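Novice: Here it is, the structure in full.
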Amino acid sequence: MPTGTFAVATSKTMQLSDITAQVQQAVSASNIAEGVCHVYNPHTTAGLTINEGADPAVQTDILAAMQKIVPMNHPYQHLEGNSPAHVMASLVGSSITVFIENGKLQLGTWQKIFFCEFDGPRSRKVVWRIA
Ligand code: ZN
C-alpha cells in the first residue's frame, strides 16, 4: 500500500493550511485510480478538516468560532499552557478519508483539505496512505 509523509510549515499560532494539492500529488504518484486516501495528523495540538476553500473568510470564521467555543482562561491543569490547542485538536479530529475515482480525490466542488494549526508556528508533518 502506498504510504508517505509531507511537511507542513505553519506561520501563525492558529491557521488553516490548504494541503489539497499535496494530497492529490500523493494520489497521482501512487498510480491508484480507484480507492481510498487516508490522511492522518500525528500531532496533539493540530488537526485535519475538510471544508470550503473558495472563500478564505470561512477559514477565518472557523478559527474565530473555535476561540469562542474553547475558553482561553479556563483553569486548565495541563502545565504546558496549551490546553485550548489540545481541545481544538480533539474537536476537529486527527484524520480524514477521501474516495479516489479516476486518480482524483472526490472532493465536493467547494471542498479543500485543511491542516489545522492550533499551537504554531511549528514544523508539522502529515501522513497519508492510499488503499
Ligand atoms: Zn500541551
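Novice: About the Cα centre, and with charges only on the beta carbon of Lys, Arg (+1) and Asp, Glu (-1), how big is the dipole of the chain? Nearest 20 debye, please.
Specialist: Around 240 debye, computed over the chain.
Novice: Between ASP61 and THR5, what is the label-point separation in nm under the 7 Å Cα-to-beta-carbon projection?
Specialist: Calculated label separation equals 3.5 nm.
Novice: What ranking do 74-83, 42-51, 91-100 get when scored by the average of other Cβ atoms within 10 Å per residue, highest first?
Specialist: Answer by packing, highest mean first, reads 42-51, 91-100, 74-83.
Novice: In addition: Could you work out the local net charge near LEU16, counting Lys and Arg as +1, Asp and Glu as -1, over the other residues with Cβ closer than 13 Å to its Cβ?
Specialist: Neighbourhood net charge equals -2.
Novice: Given Cα positions, please report Rg to Rh for the chain, the hydrodynamic radius being the Kirkwood one.
Specialist: Over the Cα atoms of the chain, Rg/Rh equals 1.00.
Novice: How high is the relative contact order of the chain? Use alpha-carbon pairs under 8 Å, at least six apart in sequence, and give a whole percent.
Specialist: It comes to 56 percent, rounded to a whole number.
Novice: Which one, THR44, GLN59, THR109, is farthest towards the positive end of the dipole of segment 25-131 when Lys and Arg carry +1 and Asp and Glu -1 on their Cβ?
Specialist: The one lying farthest along the dipole's positive direction is THR44.
Novice: Also, quick follow-up: Post the alpha-carbon centroid distance, segment 91-119 to segment 47-79, in whole angstrom.
Specialist: 17 Å
No value in this document is a laboratory result; all are computed from the given coordinates. Quantities reported herein were computed from a predicted structural model and do not represent experimental measurements. Virtual Cβ from ideal backbone geometry, glycine too; neighbours counted across all protein chains shown.
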